[in-house]
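**Q** The structure's right below; bear with me while I get my questions together.
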Amino acid sequence: MASGGTVAFPDLGKHCQHRDCHQLDFLPFTCDGCRQVFCLEHRSYKSHACTKSDHNSRKVVVCQTCSMSIETTGLVGQGEEAILEKHLKSGDCDPTKKKKPVCPVKCCKEVLTFSNNSTCKTCHMKVCLKHRFPADHACSRGVSASSSASVANGGWNNRFLGTLASRTGQECAKTGATRSTSPPSSPSVFDLYIHGTGGTETFPDLGEHCEHRDCNQLDFLPYTCDGCQRVFCSEHRSCKSHACPKSDLSRKVIVCQTCSMSIETTGYVGQDEEAILEKHHKSGNCDPTKKKKPVCPVKGCKEILSISNTSTCKTCNLNVCLKHRFPSDHACNRGVSASSLPSAANGGWQNFLSCFCFKNRTTKKGQN
């Protein structure tokens, strides 16, 4: 068959030039590297093994003297040594601009100075002191060698098995069974917990036990409650979780009626409010000129109570603004109730209206 098309339409589409495909594609793709035609499945460089896949990639070499990157994309047929030699003779090579070497470990930007570098004896890589061990800089030969050495010598496995055997032996001794076990020869992180103030048998001062009555867990980073000053684990560190009797650590203040100053009474233990106010008056900080103007005590109302905008309720003796002068507006605690409403037959409407905050008005002569 020809390079493309069908018998009826010889110029329609093209055949894929992959050696194992040769499929007729009506929308073929032309590779910008080798300039051959491929179908949808073999259009990528990798799928048809393009020999010129790097024709658009930029290549550079780094000068070790000045750390400058020299592009070698357009310099065809020249080696890296010739390009670097040409760069040294051009006068652009400035040794003072050389970048300081950094640690090659991923995400580490530590500068390798004279006192902060270490050469790995296994892979001969220069790293910072923080990554000097083979396991820290992913040394391919160091990790395998250390792991094989630990397997050969027993390592942590023997320590763990020894601790587990001693723990099992103590549990069997409680039930009456006899079993001979030997304690581990060296300290490990799996030592048995001792139920005291904290720590283990090997490290008695390490961590503390939770003082919750149902927990007693050993925590190496315990929390001290600010109220009861007891030690708890992360699960019972909140005041609510361990039912702290001194959880009320809120700030308490009283307001001076002379200067409207708020005085904190949290630290005054055993003193009443009158003694604290008297001490405040004698301190010299009480300035009557700084007294704030009174406002309406109704919730949400910030109206200033002046001479012409003040009404005193005759029922509860509360000073409110004119907008809230009625008992129903300022939630009068001794306001009008259904049982206190006098009937018109008994002639008690004047007494009923007297509970509202109206001033007494004089009646004209000749009126009843």
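The values are calculated or read from the model by the stated rules, or taken from the named source; none is laboratory data. Computed from a prediction, not measured in an experiment: that's the story for all the values here. In this analysis, Cβ positions are derived from the backbone assuming ideal geometry, glycine residues included, and neighbour counts consider all displayed protein chains. We work out accessible area using only protein heavy atoms, side chains counted, and drop any ligands, DNA or RNA first. Shrake-Rupley method; radii C 1.70, N 1.55, O 1.52, S 1.80 Å.
**Q** Find out how many positive minus negative residues lie around residue 296, taking Lys and Arg as positive, Asp and Glu as negative, among other residues whose Cβ is under 12 Å from that of residue 296. Spell out each step's value before the answer.
**A** Working: positive: 293, 299, 302, 323, 325; negative: 303, 329.
So the environment of residue 296 carries a net charge of +3.
**Q** For a protection proxy built on the mean count of beta-carbon atoms within 10 angstrom, sort 26-38, 292-304 highest first, please.
**A** Packing order, densest peptide first, comes out as 26-38, 292-304.
**Q** Give the share of C-alpha pairs in each 5 angstrom bin for the range 65-141, from 0 to the last occupied bin, in whole percents, shortest bins first.
**A** Here the calculated profile for the range 65-141 is 3, 14, 18, 14, 11, 13, 15, 9, 2.
**Q** Here's something else I'd like to know. For residue 325, what accessible surface area do you get with a 1.4 Å probe? Give it in Å², rounded to 10.
**A** Estimated to the nearest 10 Å², residue 325 gives 70 Å².
**Q** If you roll a 1.4 Å probe over the heavy atoms of the protein chains, what accessible area per residue do you get for the range 255-329, in Å²?
**A** Working: 5470 Å² over 75 residues.
The answer is 73 Å² per residue.
**Q** Please enumerate, by chain and number, the lysines with C-alpha under 19 Å from the C-alpha of residue 314, excluding those fewer than 8 residues away in the same chain.
**A** Reachable lysines: 323, 359.
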